[in-house]
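The values are calculated or read from the model by the stated rules, or taken from the named source; none is laboratory data. Owing to the predicted nature of the structure, the values given are computational and were not obtained by experimental measurement. Cβ atoms come from the backbone with ideal geometry, glycine included; neighbour counts cover every protein chain shown.
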């Protein structure tokens, strides 16, 4: 099936649920069995059936089956947030004395976890230049167990040469994980590019309505899957059936929504390029962007409506607040991927250690939602006048 059809069909079994189009919400803690033997078979995982609600319900199974098919994975689990998916992956695959390589443009809380919790556990982290490519081989040590990638880079959208890094990792027998929240499997499938673990914040585009917190982890490696599931059970991580149903619902429309996000972003960028208050736009799908060549090769047809632009100079604090606080359509808030547009001032120079943010101008990150581009352009135009 074409991917658009897969997103509609995957994980749904109406015949198993009295013909219901959507898998019903199974809200439970206790699961009952006909016999003690049935319970013991389930509790020892001989049957694949849950023995207790925390192990998931048909609602959860429908979602993870659909996500696995979308990812091209044999195994998939969901977590209470995108950050939980990242931290669970790191915890499950690393032990005291290990070394992890993490891209310098990683999601901020991922960096925080590495510097605080991994360090406390005796796990060393080295942050690397996102443009390092095959030269990452020079950073791999005897105790390097994992390379954690994210592309485009958080806030600043650098593109990594994933195939080059994965090739080195496999030669050195080092595992790879990839945070794919920006593109989703719609535009980039990490596992098809040789990555071992694909992580997503389902909070973003799968949820799509700013009312869901959830993450997912997908893999084709049985050993990795066992380690992930062991850690998952030890921590008692659980996603409610209601949340799982929301994610499954969002999955059905993610293709049409992401297409609109992307098309609107390109339209607004076209306008921004003509504005005197703009000195640079950072967005890999944009021809001329430093990462455009890799984006076109590996992602190719689209991406998130999330990008950063630089104003024409470094504006004083009061001016930046006047510019942003007066927005009528853009909201001021963290996250992205919802139906609503968002705007924030960012300071990349404060969250880089392996690389240096080279720009002095004020940096603004925007998420282009599903509003009409004309209204978003008018909102930005009024903001530039306030500047």
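Annotations
- Test: residue in the stretch 260-269 that is touching a helix residue (DSSP H, G or I) at 6+ places or on another chain (Cβ under 9 Å), outside the structural domain of residue 206 (by TED's automatic domain parsing), within 30 Å of residue 166 (Cα to Cα) and outside any loop (DSSP other than H, G, I, E, B): yes
- Candidates 197, 224, 217 - the one that is outside the structural domain of residue 368 (by TED's automatic domain parsing), touching a strand residue (DSSP E or B) at 6+ places or on another chain (Cβ under 7 Å), closer than 30 Å to residue 9 by Cβ and surrounded by fewer than 23 Cβ atoms within 10 Å (Cβ to Cβ): 224
- Filtered residues of the stretch 84-133 (kept if on the phi > 0 side of the Ramachandran plot and assigned to a loop (DSSP other than H, G, I, E, B)): 97, 122
- Options 369, 337, 383; residue that is on the phi > 0 side of the Ramachandran plot and touching a residue at least 12 places away in the same chain (Cβ under 8 Å): 337
- Being under 17 Å from the mean Cα position of the chain (by Cα) and without any contact (Cβ under 8 Å) to a residue 24 or more places away in the chain is a property that residue 120 lacks.
- Taken as a whole, the structure leaves residue 54 outside the set of residues that are in contact with a strand residue (DSSP E or B) (Cβ under 9 Å, 6 or more places away or on another chain), closer than 24 Å to residue 247 by Cβ and either part of a helix (DSSP H, G or I) or at pLDDT 95 or above (or both).
- If the condition is being surrounded by fewer than 21 Cβ atoms within 10 Å (Cβ to Cβ) and without any contact (Cβ under 8 Å) to a residue 60 or more places away in the chain, then the stretch 294-324 contributes 296, 297, 310, 312, 313, 314, 316, 317, 318, 320, 321, 324.
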